[in-house]
1. Of the residues in the stretch 193-228, how many are buried (at least 22 other Cβ atoms within 10 Å of the Cβ) and within 11 Å of the ligand (Cβ to nearest atom)?
2. Select the strands (runs of 3 or more DSSP E) contained entirely in the stretch 210-326, then report the ones holding at least 2 residues which are touching a residue at least 40 places away in the same chain (Cβ under 8 Å).
3. Select the helices (runs of 4 or more DSSP H) contained entirely in the stretch 85-169, then report the ones holding at least 1 residues which are under 29 Å from SER218 (Cα atoms).
4. If only one of PHE161, PHE146 is buried (at least 18 other Cβ atoms within 10 Å of the Cβ), within 21 Å of the chain's Cα centre (by Cα) and farther than 25 Å from LEU19 by Cα, which one is it?
5. Would you mind stating whether GLU99 is touching a residue at least 24 places away in the same chain (Cβ under 8 Å), within 15 Å of the ligand (Cβ to nearest atom) and over 20 Å from the mean Cα position of the chain (by Cα)?
6. Hey, among the residues in the stretch 281-321 that are β-branched (Val, Ile, Thr) and surrounded by 14 or more Cβ atoms within 10 Å (Cβ to Cβ), which one's nearest to ILE58 (Cα to Cα)?
7. If LEU179 satisfies all but one of (1) away from the ligand (no atom under 13 Å from the Cβ); (2) farther than 30 Å from GLY222 by Cα, what's the number of the condition it fails?
8. Condition first: polar (S, T, N, Q), touching a helix residue (DSSP H, G or I) at 6+ places or on another chain (Cβ under 7 Å) and within 16 Å of the ligand (Cβ to nearest atom). Can you find one or more residues in the stretch 129-139 that meet it?
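The values are calculated or read from the model by the stated rules, or taken from the named source; none is laboratory data. Note that the coordinates shown come from a computational prediction; the quantities given were computed from them, not determined experimentally. Reconstructed Cβ throughout: ideal geometry from the backbone, glycine too, with neighbour counts over all protein chains shown.
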Amino acid sequence: MSKEIDPRKNTETARGYGLVIHRSVRDIPATTRARFAEENRSIRERTERFGLAYNEHIQKSQQAILTTADRALSRAPQEKEKTALILGSGNCLDIPLAELTDRFDKVTLVEIDHQSTEAAVKKLSPEQQQKTTIIATDITGVVADFAKRMDLHLNRPMQAFLARAPGSVAQFDVTGKGLSVGADYTFVSSQLVMTQVSSLPILSLREKFFKKYGVHLSTQPGGADHELIMALQPKTIGLQQEHIRQLARLVAPSGTVHFADTVTLFKYSPFSKEPKRLPVSNPQFIVPVIGEQFTSPNPQGDAWLWNHEPGKSQFLVMAHSFDPKP
Ligand SMILES: C[S@@+](CC[C@H](N)C(=O)[O-])C[C@H]1O[C@@H](n2cnc3c(N)ncnc32)[C@H](O)[C@@H]1O
């Protein structure tokens, strides 16, 4: 069952924009929260360092978001308030925040690491800030429970962790836990969020494991942590499928959804002409769920390469514009 957020109980008002800090964020262990903040700090640092190389990705992302937002505005009933919801807003570097606040009556930004989003919102004009609310929450509703569950096992010697954690992960249900951050939005954006919501809890576990035992968890099956890797895989997929269903629950029947994510990572090396291709998402499990929930005026979507680390790595990004199925 999804839980409701009551903004009246949480809103702190002494600022131009609204800020709702949900209990789900306070329940997340500090080390896990720090991991999200560190990821966003690193995005800011790379965007500054690789400025020109990132321009195309940022421009294409912003354009794709605005195209789908404009489609929503042209379809929305005239008398209805026009609302936009941006999931995983982070630093808003690839989100055209000023343009969205100009176009919509209300813009809601959802992010665990709300300080990074606040920094972006503070750059808006007072009128634009008035229309903006940040909801600090965990979109999945599972981050705190997962971290606490793993922390219990991390108190044991490594062999005991590797023996007990896989069973505990297997029993952990990731479905139906997402927090409700409203509904009936004219426009919903999920920009490079799906793979992150499913991978950050695991990245955080990796970091804690290394700090505790001084060795890295492997990323591939076949090692000493094989059972754990096998138990984590279906949870990653389950979280991604939940994310798609959540988008369908949030959008109005006449609304639209912008959905973009990284699909493939290309890694370049001086020792090989061809880059290594590493899959990032799981299309075989995601595409059927998208088909259950949405149609699209352009089913192929748009694709571009993001020079993530120029000369070393590139992501293939795919962006889609969805309409909810009646
Ligand atoms: C790839 S980033 C988006 C980048 C962002 N647009 C920017 O310019 O920095 C994905 C965002 O989703 C947030 N996120 C990941 N998992 C989340 C969760 N479970 N709940 C809420 N936000 C989450 C991350 O903190 C991050 O800010």
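1. Residues that pass the stated criteria total 6.
2. 251-269, 302-309, 313-324
3. 143-154
4. PHE146
5. Judged against the criteria, GLU99 is a match.
6. Of everything passing the filter in the stretch 281-321, VAL317 is nearest to ILE58 (Cα to Cα).
7. (1)
8. Looking through the stretch 129-139, at least one residue is polar (S, T, N, Q), touching a helix residue (DSSP H, G or I) at 6+ places or on another chain (Cβ under 7 Å) and within 16 Å of the ligand (Cβ to nearest atom).
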